[in-house]
Structure formats: structure tokens, C-alpha cells
Amino acid sequence: MTWISMISLSVQAQPRFQMYHPSHLIWILILLALTIILWLTRHVIQKSPSIRLRIRWVLISAMIIPQLILYGIYTIQATWDPRVHLPLELCSITLYLSCIMLITRSYFLYQIMVFAGIGGAMQAILTPNLLEPYPDFIYFHFFVCHLAIVLASLYMTWGENYRPRLRSIGITMIFLNVLAILVGTANWLLDANYMFLAYKPTTPSILDFLGPYPYYLLAEEIVALFIFFVIYVLLGQKRKSNNDTQWRRDNE
């Protein structure tokens, strides 16, 4: 039996999604492989405007098409619920903002998405708030969209040669806290739990280690700062060089 056959046998339909089952681990491996490929080919990508354009639209399609299909399913099945299905989760918001970032090549959006997008989507991939198992469409929608959110900011870093600044962390924290106020107001009006501001998810997550409500909301701030500093160390630089600035001007 080949290793491909072994994977296909292990990634079978389950009555409920199981964290770190092969049907989960395979997406972590896919993200790792795509990240490595993107980094290894970054110089080729930077030299070709046509390749950069294709990559941007592939990533946009990977985020928007599953969203449209999902909302179509909700409409056909008459299951759309404003308490659950509005685009008010952090990853839903970063998905749309990532699409705008890719279309406009906005540095302002990039410096937020590189932290909020990567940090939020990576947490979702590692600890999915997901019940639907393989091969349910929502299962594929969840992982494809979250992978695309991460890859969008990585592409802007390595493909478009953007880099976050240290002050970008502060801008992102302000963005997230203003967003929390707005989403918290929507939760109060709708009796909802977007961004898990009212209570923790029923599936295992990092929030389980951060104490009870409302203390885990404050602890999230510290965890977010730590994650953002790690991302900055890995992807950022203290200031942009003149060559990077000129490169972007020449390729706009």
C-alpha cells in the first residue's frame, strides 16, 4: 500500500470533525508546503508582474468563491441566521480586508492584515472552531479560506516586498479594540457571540487557558501582543530601505 493510499484511507468521513485527525493535519501540512514554496520562489515572483497578478487573483478567488457558495447554500436551505452568519467574525472581516489589500496593494491594510490576518487565521487553523467533518463543504470552506488569509499577507511580504513596522502592531491593536466595541454592540443587539466576546467556543481553543469570562478577553490582549511581536520578528524590519521603496514605485 502506497503512502497516498494510506492518507486517503485515514482521511475519511467522520461523524464529527476531530482536531488533529489526519483530515485536520493535512491542511497544516498544505499550509506549511505552500508557505515554503512562496518563500523559495519569492525572487521569481518579484521579477514578474504577470505572476504577481495571477497569484493575487488566485488568492482572492480562494477567499471569495467559497464565501459566495456558502451564502448560496444558506439561502437555498433557508438556514441563514443573523446571530451566526453575519461576516462579523475576525476571520470573516480579515478575509474581506485581505481581498481589498490584494486588489489595491494597500500598505495600510497590509500592516494590519499581516498581524490580525495571520495571527487570527493561524489560530483558527491550529484550533478549528468546526463541527462539520470531511467531506462537508463547510469543512473545505473553513480551511481553504483561512489558508488564503494567511497566504495573502505572506504573499504581500515576499511577493510585493512589503514589511510591517513596529508601530504597525499598535495600529493593529487599535483596530482590533475598536472592532471589538463594534462587534460587541452587534452581539448585544442580536444576542450573538461573534468573535467569542460573550463566551468561549464549545470546541477546544487557546481561550480555554485564559481564564473565565470576562478575564479571558483581557488575557487575549497580552496573547495577541506576543503573537504580533513574533510575527514582527519573523517578517518585519525596523525601517524600509530606499531600494524597497523604489522597487514598489517601479512595479506599481
**Request:** Taking the options LEU197, LEU210, LEU189, name whichever one is in contact with an Asp or Glu (Cβ under 8 Å, 6 or more places away or on another chain) and either under 19 Å from TYR96 (Cα atoms) or free of Cβ contacts under 8 Å to residues at least 24 places away in the same chain (or both).
**Result:** LEU210
**Asked** What are the residue pairs meeting all of these: first residue in segment 124-150, first residue of a type in the set (D, E, K, R), second residue in a helix (DSSP H, G or I) and surrounded by 21 or more Cβ atoms within 10 Å (Cβ to Cβ), Cβ atoms under 7 Å, and 6 or more apart or on different chains?
**Response** GLU132/TYR139
**Fill in**
GLY117 fails exactly one of (1) touching a Ser or Thr at 6+ places or on another chain (Cβ under 7 Å); (2) of a type outside the set (A, V, I, L, M); (3) in contact (Cβ under 8 Å) with a residue 40 or more places away in the chain, namely (3)
**Message:** I need every pair where a residue in segment 34-46 that is in contact (Cβ under 8 Å) with a residue 12 or more places away in the chain has its Cβ under 7 Å from the Cβ of a residue that is small (Gly, Ala, Ser) and surrounded by 10 or more Cβ atoms within 10 Å (Cβ to Cβ), sequence separation at least 6 or different chains.
**Reply:** ARG42/GLY159; ILE45/GLY159; GLN46/GLY159
**Request:** List the helices (runs of 4 or more DSSP H) that sit entirely inside segment 31-122 and contain at least 3 residues that are crowded, with 18+ Cβ neighbours inside 10 Å.
**Result:** 49-77, 90-104, 107-112
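Here, each number is a calculation from the coordinates, and none is a lab measurement. What you see is a predicted model; the values in this text were computed from it and never measured. Here Cβ is always computed from backbone atoms with ideal geometry, including for glycine, and neighbour counts include all displayed protein chains.
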